[in-house]
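The values are calculated or read from the model by the stated rules, or taken from the named source; none is laboratory data. Model, not experiment: these values are computed from the prediction. Glycine also receives a Cβ, built like all others from the backbone with ideal geometry; neighbour counts cover every protein chain displayed.
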Amino acid sequence: MNTLKIGGRIRTAVFPVAGLGTRFLPATKASPKEMLPVVDKPLIQYAVEEALAAGVETLVFVTNRNKRAIEDHFDRVYELENELLEREKPDLLDQVKDILPRSASAIYIRQQAALGLGHAVLCAAPVVGREPFFVVLADDLIDSPPASGNVLEQLLGIHERHGGSVVALERVPREHASRYGIIQPEKIGERLYGIQSIVEKPDPGQAPSDLAVIGRYLLMPEIMECLEKTGRGRGGEIQLTDALGQLLATEQVLGYAFDGTRYDCGDKLGYLEACVELGLKHPQLSREFKEYLIRRVPLLEP
Ligand code: G1P
């Protein structure tokens, strides 16, 4: 049983999708990295399904002019639906028709300038209002055991017990510290840490620990005031990490080392791993795909 599924308490999720996807060129030259498919669904759909399962009703996409495909993906396509109806393909029809339930609303906000993740979250402030909200980075695809609930549900469980903002954490090799926000932790309990300080993409020698922030955040609305005051940081961008650092001065911020496996799908190797693992779990493909791998793997040379 899923004991952490509380749902409905956090109504809004923000999906910053205006990034350039430079680590995945040339695939991302003309189409958004969030539309890269893992088996048969784009990354953004996995992220949206995770938020909906955690009880979210309002989906806020912070986009730019090259991301129209995301808007189209969550819209209805009547010509395609009619065609599938006429060809008597009810399964396919269900898959394209009900990507978003009627109870959910999708809101698209343009990020006018590429000023970073913090700026993207701040763009969503008029929609978020004075309530806690989630931030979901779709290129971190996370597969969690059903018994633990998805990562957003896990963060929600911690928030309900302890209050305040909660970010997802994962231990990373020290030499990878410069890819992540890294925290200085104070251990509170099983998987749970108080955040003493946080630094965006430190040099490995300067990293305060090996606990990295992964792309799932449950944030108190006060983060918006912090973001308004945050100047440009690492890479000349307004960093969410720096705003969290400010929030720490007035409020507790917790980190939770989530239960699940993360695939960094903004990276070519992480993406390939996700395709293999989710292919092996896919209800229609798993058997044949596994048979293929069993035939193929012994032929590999080290
Ligand atoms: C962003 C955040 C970083 C975080 C990471 C998680 O970086 O700035 O703090 O650790 O997401 O994926 P990005 O990957 O967008 O460069």
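Might you check whether a residue that is crowded, with 21+ Cβ neighbours inside 10 Å and without any contact (Cβ under 8 Å) to a residue 60 or more places away in the chain occurs anywhere in region 272-290? Give the derivation first.
Residues of region 272-290 that are crowded, with 21+ Cβ neighbours inside 10 Å, as a first pass: 274.
Still in the list and also without any contact (Cβ under 8 Å) to a residue 60 or more places away in the chain: none.
No - not one qualifying residue is present in region 272-290.
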| note | Over region 176-199, the set of residues buried (at least 21 other Cβ atoms within 10 Å of the Cβ) and of a type in the set (Ser, Thr, Tyr) is Tyr180, Tyr193
| note | Picking from Tyr78, Tyr108, the residue that is modelled with pLDDT under 90, more than 16 Å from the ligand (Cβ to nearest atom) and surrounded by fewer than 18 Cβ atoms within 10 Å (Cβ to Cβ) would be Tyr78
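Taking the conditions exactly as written (modelled with pLDDT under 95, away from the ligand (no atom under 14 Å from the Cβ) and of a type outside the set (A, V, I, L, M, F, W, C)), does Pro185 satisfy them or not?
Details: modelled with pLDDT under 95: no; away from the ligand (no atom under 14 Å from the Cβ): yes; of a type outside the set (A, V, I, L, M, F, W, C): yes.
So Pro185 fails the test.
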| query | Limited to region 125-160, what total is found for residues that are over 16 Å from the mean Cα position of the chain (by Cα) and assigned to a loop (DSSP other than H, G, I, E, B)? | reply | 5
| said: If I go through region 98-132 residue by residue, how many of them are closer than 20 Å to Ala54 by Cα and of a type in the set (A, V, I, L, M, F, W, C)? | reply: 9
| said: When you scan region 220-235, do you find a residue that is under 14 Å from the mean Cα position of the chain (by Cα) and closer than 23 Å to Tyr271 by Cβ, even just one? | reply: no
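Restricting attention to region 218-243, which residues are within 9 Å of the ligand (Cβ to nearest atom) and either among the aromatic types (Phe, Trp, Tyr) or assigned to a helix (DSSP H, G or I) (or both)?
Of all residues in region 218-243, those within 9 Å of the ligand (Cβ to nearest atom) come to 234-235, 237, 239-241.
Of everything in region 218-243, those that are within 9 Å of the ligand (Cβ to nearest atom) and either among the aromatic types (Phe, Trp, Tyr) or assigned to a helix (DSSP H, G or I) (or both) turn out to be Arg234, Gly235, Leu240, Thr241.
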